[in-house]
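Report on the structure given below.
The values are calculated or read from the model by the stated rules, or taken from the named source; none is laboratory data. Remember, predicted model here, so these are calculated numbers, not experimental data. No Cβ is skipped: glycine too gets one built from the backbone with ideal geometry, and neighbour counts run over all protein chains shown.
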Amino acid sequence: MATTVLEGPLPFKIIVKEESDTSSSSDSDDPVVAILFFGICLVLGIASRHLLRGTKVPYTLALLVIGIALGSLEYGTSYRLGKVGAGIRLWANINPDLLLAVFLPALLFESSFSMEVHQIKRCMAQMFILAGPGVLISTFFLGSALKLLFPYDWSWKTSLLLGGLLSATDPVAIVALLKDLGASKKLSTIIEGESLMNDGTAIVVYQLFYQMVLGRSFTVGAIVKYLTQVSLGAVGIGLAFGVASYLWLGFIFNDTVIEITLTLAVSYIAYFAAQDGADVSGVLAVMTLGMFYSSVARTAFKGEGQQSLHHFWEMVAYIANTLIFILSGVVIAEGVLHSKDYFENHGTSWGYLILLYGFVQVSRVIVVGTLYPCLMYFGYGLDWKEAIILVWSGLRGAVALSLSLSVKRTSDTSSLLSQDTGTLFVFFTGGIVFLTLIVNGSTTQFVLHLLHMDKLSEAKKRILDYTRYEMMNKALDAFGDLGDDEELGPSDWPTVKRYISCLNNLEGEQVHPHAVAETENNPDAMNLKDIRIRLLNGVQAAYWGMLEEGRISQTSANIMMQSVDEAMDLVSDKVLCDWNGLRAHVHFPSYYRFLKMNFCPQKLVTYFTVERLESACYMCAAFLRAHRIARRQLHDFLGDSEIASLVINESEAEGEEARKFLEDVRVIFPQVLRVVKTRQVTYSILKQLSDYVQNLEKVGLLEKKEMTHLHDSVQTDLKKLLRNPPLVKMSKISDLLRGHPLLGALPAVAREPLEGSTKELLKLHGVAIYREGSKPNGIWLISNGLVKWTSRSLRNKHSLHPIFSHGSSLGLYEVLIGKPYICNMITDSVVHCFFIEAEKILSLLRSDPTVEGFLWQVMLYRLKIIIPATRSINNVHYFT
């Protein structure tokens, strides 16, 4: 039958079959009916989700059945559904490419953005293995089965086309079920990550065989080149859009609507730029974009903005899934009923559909079984129970169905694909989607139960029981506070308790979760792991709170949260170690060595030094504060438990390095800590003022307009703080030198040549300034920090001051008399000092002999003398 393309107010093209019935054609041509069908789908989706909540039936399965029922009513009976039916026909005949373009970017971005970046990193290898070699194995196995065992006389290209099409998994129902049952995060991440990646891989493989079917030929080298360009190009485009939009987010201040809209816009623009603009995989581009946001840009959204963002994308994904699965059911019904003559003449197709479903499951077993050694080795590993769930989670969904519709559409106009082939593609794909949902999706919970993967650990059960008793205590306290008031009088506790049904089954006395029976296997290890994880969760929650309070930056927050994620992987075998992930970022920067080089501007080096110190101070302070908060919360919850105390002690021990670093900064660069604290206090005060003004409006003391005026002024100040924060003012080198007692006492004529030849240095803790017996090569002027001396021949007991600090001059005596250094000088903290070469001192003495006498006078005035009883006067040791 001829077709026409109608362009209406909706931003897409709709293929509409010409109808003989004038009224039906009129309804079909009205684009408003598309909106009617959209609204009905949402209502049906709401009803399904509401009624099936708490049941074992997957929500998406119900939607698919509803779609098949609607399609059967419209296409298979004489009872038309009027305008609803017209809407069904419009959506059923939608361009398959448009179907992917409208729904796929939203689903892909939501799924990849909601994944935990640390889990992604650990499971990345497993996801690549399943989405790369796994898809290829599945494609060639299914293609071979279709070519050799099915009676359709398809070419290898056509058979492999359907094999690749059926290799795209869509485990939406399985992942949702695993999350609801509290299954391991790694398993959910592997399944969901595989689905994301193999959608892209399967589409690329589909496009390759699709072009082959249409007559284009490829060499092996051309295939490899094509796959590489399509994959790497998509990743590059996703990263480019991610970086650009992230930088744009940095200029948006407290505008949640714009922030959310930007994420929506960039996901669709990235998809179209990759798919249509660069001819690479739009799926991989959006997936890369979402993972970039998950790893880098997550902390760009704070507080209510982050919650709104997640709720928005959950809603978008829910709407997309609702429409896709209902529409999939309609398309399946339409494909079967419009080709009922074919299926009546080829009744064995239904049997071959069941056979194909069996081959799909076998292909999944082969993929997981073949790759199982690699899956066990990489990431978190994979045990045999998780491998079974991985096999059973191979559901098919909207991507496969949309690709089959593209084949069907091509078969209607191309001589290279028969219409019967296009019909069978839709029939087999729709049937596999239906069977995997109805069989695999509805039985996954039973399989999980059979494998004992839906049960809580004993440690978690004890914590839950203990928490219920704590909830009862809180309820009693609340009743004591609320149960009587002067207006209404007392309330009835038995009635209140009857309505708190979640606490009605408590029996016996409250048992502490760590008071376990001796018969349990290694209970301390289980409890220790559980408590460590809970404390680290508390630390991470504290980091989020401090990000909202302005105590840490987005970059610092990302680093600190990643350190907690890495520590959680090691809680079974090691003590708390989240500090390990921060150690590389918390140290005195090495940029000071560039001050010796003339080509490096000193102001630039100082800027980077201060910036690095500020970041390290933020991290140290946040680390100590977060652990202190988590320890207090853990103690308040569990009391003086031996295991909890052990974990608390581990937490306290972890903070030693952070405290030591802050002490060193306080000694060397106190102005850095002062500015860091000033920023935090300013931000906190402005946030409190903002909350105070908003609260006044809530309680009715301010009108909306008045509140808005005051709130905007506070936000202006807050933006000014973030854009132009207070800066650390570092003292000039000349001022530091003139403030040193030795150079400050020199005449200007003698001081100026020395100032020009000094080198500024930063010595870390425990570094030797000079060694005993070495040739004196210069003197060190201590600006800040502590230095102690040691000697093989001298003893500390002879020294009045074994520690030297600000204002000390080291090595001057040895330079003046020309003898080797007579002790070791070791830094006892980070030391900021200046070095003057011995040759510069001696040159000054030769040019101005009066300076030597002056130096001896200054030194004798300030020296501290050690005269060991057994040593001659030649071994007199001077420290100034």
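To keep it simple, each residue is scored yes or no on (1) modelled with pLDDT of 80 or more; (2) surrounded by fewer than 20 Cβ atoms within 10 Å (Cβ to Cβ); (3) of a type in the set (Lys, Arg).
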{"residue": "739", "(1), (2), (3)": "no, yes, no"}
{"residue": "749", "(1), (2), (3)": "no, yes, no"}
{"residue": "754", "(1), (2), (3)": "yes, no, no"}
{"residue": "761", "(1), (2), (3)": "yes, yes, no"}
{"residue": "768", "(1), (2), (3)": "yes, yes, no"}
{"residue": "777", "(1), (2), (3)": "yes, yes, no"}
Odd one out for residue 174, checked against (1) buried (at least 23 other Cβ atoms within 10 Å of the Cβ); (2) modelled with pLDDT of 75 or more
(2)
Residue check, residue 689 more than 27 Å from residue 609 (Cα to Cα) and either touching a Gly at 6+ places or on another chain (Cβ under 7 Å) or not assigned by TED's automatic domain parsing to the domain that holds residue 807 (or both):
yes
Unique residue being in contact (Cβ under 8 Å) with a residue 60 or more places away in the chain, in contact with a His (Cβ under 8 Å, 6 or more places away or on another chain), of a type outside the set (Phe, Trp, Tyr) and more than 23 Å from residue 786 (Cα to Cα) when the list is 638, 634:
638
Within region 220-242, can you find the residues that are β-branched (Val, Ile, Thr) and surrounded by 14 or more Cβ atoms within 10 Å (Cβ to Cβ)?
230, 235, 237
Across region 136-150, what is the total count of residues that are of a type outside the set (Gly, Ala, Ser), over 14 Å from residue 428 (Cα atoms) and touching a residue at least 40 places away in the same chain (Cβ under 8 Å)?
5
Expected single match for crowded, with 20+ Cβ neighbours inside 10 Å and part of a helix (DSSP H, G or I) among 203, 258 is 203
Among the residues of region 27-62, write down those that are at pLDDT below 85, in a helix (DSSP H, G or I) and buried (at least 18 other Cβ atoms within 10 Å of the Cβ).
27, 28, 33, 34, 37, 59, 60, 61, 62
In region 723-757, anything in a loop (DSSP other than H, G, I, E, B) and closer than 18 Å to residue 785 by Cα is listed as 730, 731, 732, 740
Under 7 Å between Cβ atoms, which residue pairs at least 6 apart in sequence (or on different chains) link something in region 188-200 that is among the hydroxyl-bearing types (Ser, Thr, Tyr) with a partner that is surrounded by 24 or more Cβ atoms within 10 Å (Cβ to Cβ) and outside any helix (DSSP H, G or I)?
195/169; 195/170; 195/171
